[in-house]
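Read the structure below first, then the notes.
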């Protein structure tokens, strides 16, 4: 009997609460304004600083020729070996610069280093946005030991919200089946709270940024 009475009291309180409407304590909520302070540094500098803090590597290139030169230097100095590349636009640059690469599916499992493009660079967090609509899809961003990203300064945006708005506008009704955010190399601290890089993806992560907003000398 006591249990039934207690249950009725609770149900009555619920009914009374549903009948008596109360004004929300915060009737006007600004959902549009950013919760972050405005970035004071240029977007490329903010991105580079955030990426380095996340254990990524940033390489600034004045143009595509300097990108090829920097890439060749890294390949020789670090003994990277042959790149794996499935992106036709990057392949064209590599061919012009005389940089060897592999593109056959049979050689993918042996690939130590892969190179891709990206959708956008998020300056505030040093994050790279990639999608399944970019060649070669999903695999090359997670499988090789070293992941290189080729990006242009026009792809820099301040925050994630702007990147999401841009990618929706870019693809409209053909939105990618996968959109991923990469902030530095793969990592985990699940085991004894010790940070381990490359736990479930690349151990090293490089972003080569080509400054396509830089004025060209006549």
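The values are calculated or read from the model by the stated rules, or taken from the named source; none is laboratory data. It should be emphasised that the depicted structure is a prediction, and the values quoted were computed from it without experimental measurement. Don't worry about glycine lacking a Cβ; one is built from the backbone with ideal geometry, like all the others, and counts go over all protein chains shown.
When residue 80 is tested against (1) at pLDDT below 85; (2) within 21 Å of residue 136 (Cα to Cα), just one condition goes unmet, and that condition is (1). Scanning the range 138-150 for residues that are under 14 Å from the mean Cα position of the chain (by Cα) and either assigned to a loop (DSSP other than H, G, I, E, B) or more than 21 Å from residue 74 (Cβ to Cβ) (or both) gives 138, 142. Using the structure shown, decide if residue 71 is modelled with pLDDT of 95 or more, within 23 Å of the chain's Cα centre (by Cα) and within 17 Å of residue 140 (Cβ to Cβ). So residue 71 passes the test. Can you find, within the range 186-209, the residue that is surrounded by the most Cβ atoms within 10 Å (Cβ to Cβ) among those that are modelled with pLDDT of 85 or more and within 19 Å of residue 49 (Cβ to Cβ)? The residue in question is 205. Residue-level check: of (1) farther than 22 Å from residue 143 by Cα; (2) in contact with a strand residue (DSSP E or B) (Cβ under 6 Å, 6 or more places away or on another chain); (3) outside any helix (DSSP H, G or I), residue 58 misses just (1). When the criteria are applied in full, residue 77 meets the requirement of being over 22 Å from the mean Cα position of the chain (by Cα), surrounded by fewer than 14 Cβ atoms within 10 Å (Cβ to Cβ) and over 18 Å from residue 127 (Cα atoms).
Checking the structure you have, find out if any residue of the range 113-126 is on the phi > 0 side of the Ramachandran plot and in a loop (DSSP other than H, G, I, E, B). Quick ask: steps written out before the conclusion?
In the first step, residues of the range 113-126 are kept if they are on the phi > 0 side of the Ramachandran plot; the result is 126.
Applying the additional criterion that residues be in a loop (DSSP other than H, G, I, E, B) yields 126.
Looking through the range 113-126, at least one residue is on the phi > 0 side of the Ramachandran plot and in a loop (DSSP other than H, G, I, E, B).
Within the range 104-131, the set of residues being surrounded by 16 or more Cβ atoms within 10 Å (Cβ to Cβ) and more than 21 Å from residue 55 (Cα to Cα) comprises 108, 111, 131. The residues of the range 98-112 that are farther than 22 Å from residue 57 by Cα and either assigned to a helix (DSSP H, G or I) or touching a strand residue (DSSP E or B) at 6+ places or on another chain (Cβ under 6 Å) (or both), listed by number, are 102, 105, 106, 107, 108, 109, 110.
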